[in-house]
Amino acid sequence: MSAPIERIKTLIIGSGPAGYTAAIYAARADLKPVVYTGMEPGGQLTTTTEVDNFPGYPEGIDGPTMMVQLQQQAERFGTEVRIGMITGIELSDEVGGIHTATVDNDKKIEAETVIISTGASAKYLNIPSEQRLRGGGVSACAVCDGFFYKGQDVAIVGGGDTAAEEASYLANICNKVTMLVRKDHMRASKAMQHRVNSLENIEVRYNTEVDEVLGDQVVEGLRMVNNQTGEKDDIAITGLFIAIGHTPNTSIFKGQLDMDETGYLITKGKSTKTNKPGVFACGDSQDKEYRQAVTAAGTGCMAALDAERYLATIETPEEEVA
Ligand code: NDP
């Protein structure tokens, strides 16, 4: 006979600032949360070095340390953190219904409430030289890593609001910023374009793409190609920032949860409620606008409070809950 399926009150999928903050609140509310970490325990912050903009750390803190501390804080109140990936899920349509998740394509787990904090992943160009130099001068987060290029020459790829914002940010720190926009115009808002154009040390190159990132161990230069003329041009840089958008990690929810055309989960009003009862979304999985650790943490708190209120409104016989 196969083992009975484990049933829990609150399943938290993802272990970034949103997931751990949801866990801290859910554990303190006695929801006995179980966090499945996903492929990148600690989330995007573990790929950054110094975090200087999270309130409460006057001297800054490095991303991996911050995530370990958030995990410890969640565990202190009884959160169970498990290394594993939720690879499939069946969400119930019923109020009080049970949701069934598959862990690592194998084990099933049942949950009364599900908090989705699966985050988003930065898009890369996916050319070999870029992939080889990730961590050696290629970054997808200017706000995280720009400081290391103080006074140096860098380049940024992208023509959206993120690229424009990050180019302006880098222009304050670096000597010169070359911005590569693949079309003959930027997609960024007029206000952001104006900001970019007003900064003397940003050079915008339209119709321009990355041909190759130059350098062996670290970035030493960039070979650019004009996609109209085919003309190539090399510049010396020490840092290359990729700002071509993010992909929310929501593919397992497709067909079950409402999402926008780019895959971001849609929540109701100011809450974290999704279109399924007992299923809540927080952090970057539902936010393409702010995408900060502190805003993710804030929505993680909201998701736990929404889950707690939801559970309070349904009646569950004691013996059904592990
Ligand atoms: P966007 O999808 O808006 O823009 C992506 C940019 O990257 C586009 O210019 C796109 O070019 C370019 N791009 C995509 N793929 C490639 C590629 N392979 N090679 C070269 N260039 C590429 O993403 P953002 O992250 O900029 O913004 C996401 C959302 O967040 C938007 O809604 C934005 O308005 C919002 N946002 C708002 C901010 C604010 O208001 N302060 C700040 C940051 C983001 P193309 O135009 O040719 O497709």
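Among (1) within 25 Å of the chain's Cα centre (by Cα); (2) at pLDDT 95 or above; (3) buried (at least 18 other Cβ atoms within 10 Å of the Cβ), there is one condition Arg182 misses while meeting the rest; what is its number?
Condition not satisfied by Arg182: (3).
Would a scan of the range 248-264 turn up a residue that is away from the ligand (no atom under 16 Å from the Cβ), among the charged types (D, E, K, R) and over 18 Å from Gly88 (Cα atoms)?
No, the range 248-264 contains no residue that is away from the ligand (no atom under 16 Å from the Cβ), among the charged types (D, E, K, R) and over 18 Å from Gly88 (Cα atoms).
Please go through the range 103-140 and give me each residue that is closer than 22 Å to Tyr264 by Cα, in contact with a Leu (Cβ under 9 Å, 6 or more places away or on another chain) and among the aliphatic types (A, V, I, L, M), ordered by number.
Residues satisfying the conditions are Val114, Ile115, Ile116.
Which one of Gly135, Gly96 is of a type in the set (Gly, Ala, Ser) and exposed (fewer than 14 other Cβ atoms within 10 Å of the Cβ)?
Gly135
State whether one or more residues within the range 229-238 are in a loop (DSSP other than H, G, I, E, B) and within 11 Å of the ligand (Cβ to nearest atom).
No - not one qualifying residue is present in the range 229-238.
Could you check the range 1-60 and list, in sequence order, the residues that are in a helix (DSSP H, G or I), at pLDDT below 85 and crowded, with 20+ Cβ neighbours inside 10 Å? Please lay out each step first, then the result.
Step one: list which residues in the range 1-60 are in a helix (DSSP H, G or I), which gives 17-28, 43-47.
If we keep only those that are at pLDDT below 85 too, we end up with 43-47.
Matches in the range 1-60: Gly43, Gln44, Leu45.
Would you call Leu265 at pLDDT 95 or above and touching a helix residue (DSSP H, G or I) at 6+ places or on another chain (Cβ under 9 Å)?
Judged against the criteria, Leu265 is a match.
Scan the range 271-288 for residues that are out of contact with any helix residue (DSSP H, G or I) (no Cβ under 8 Å at 6 or more places or on another chain) and farther than 17 Å from Ala23 by Cα and jot them down.
Within the range 271-288, Thr274, Asn275, Lys276, Lys288 meet the criteria.
Residue under question is Gly88, and the condition is that it be of a type in the set (Gly, Ala, Ser) and not in a helix (DSSP H, G or I); does it hold?
Criteria met by Gly88.
Return the pairs, sorted by first residue and then second, in which the second residue is more than 14 Å from the ligand (Cβ to nearest atom) and not in a loop (DSSP other than H, G, I, E, B), the first residue lies in the range 135-161 and is touching a residue at least 60 places away in the same chain (Cβ under 8 Å) and at positive phi, the beta carbons are less than 6 Å apart, and the residues are 6+ apart or on different chains.
Cβ pairs passing all conditions: Gly137/Gly239.
To keep it simple, each residue is scored yes or no on (1) in a strand (DSSP E or B); (2) aromatic (Phe, Trp, Tyr); (3) touching a residue at least 40 places away in the same chain (Cβ under 8 Å).
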{"residue": "Phe241", "(1), (2), (3)": "yes, yes, yes"}
{"residue": "Gly269", "(1), (2), (3)": "no, no, no"}
{"residue": "Asn275", "(1), (2), (3)": "no, no, no"}
{"residue": "Phe280", "(1), (2), (3)": "yes, yes, yes"}
{"residue": "Lys288", "(1), (2), (3)": "no, no, yes"}
{"residue": "Arg291", "(1), (2), (3)": "no, no, yes"}
{"residue": "Val294", "(1), (2), (3)": "no, no, yes"}
{"residue": "Ala307", "(1), (2), (3)": "no, no, yes"}
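The values are calculated or read from the model by the stated rules, or taken from the named source; none is laboratory data. The model shown is predicted, which means the values in this text are computed figures rather than measured ones. Cβ: placed from backbone, ideal geometry, glycine included. Neighbour counts: every protein chain shown.
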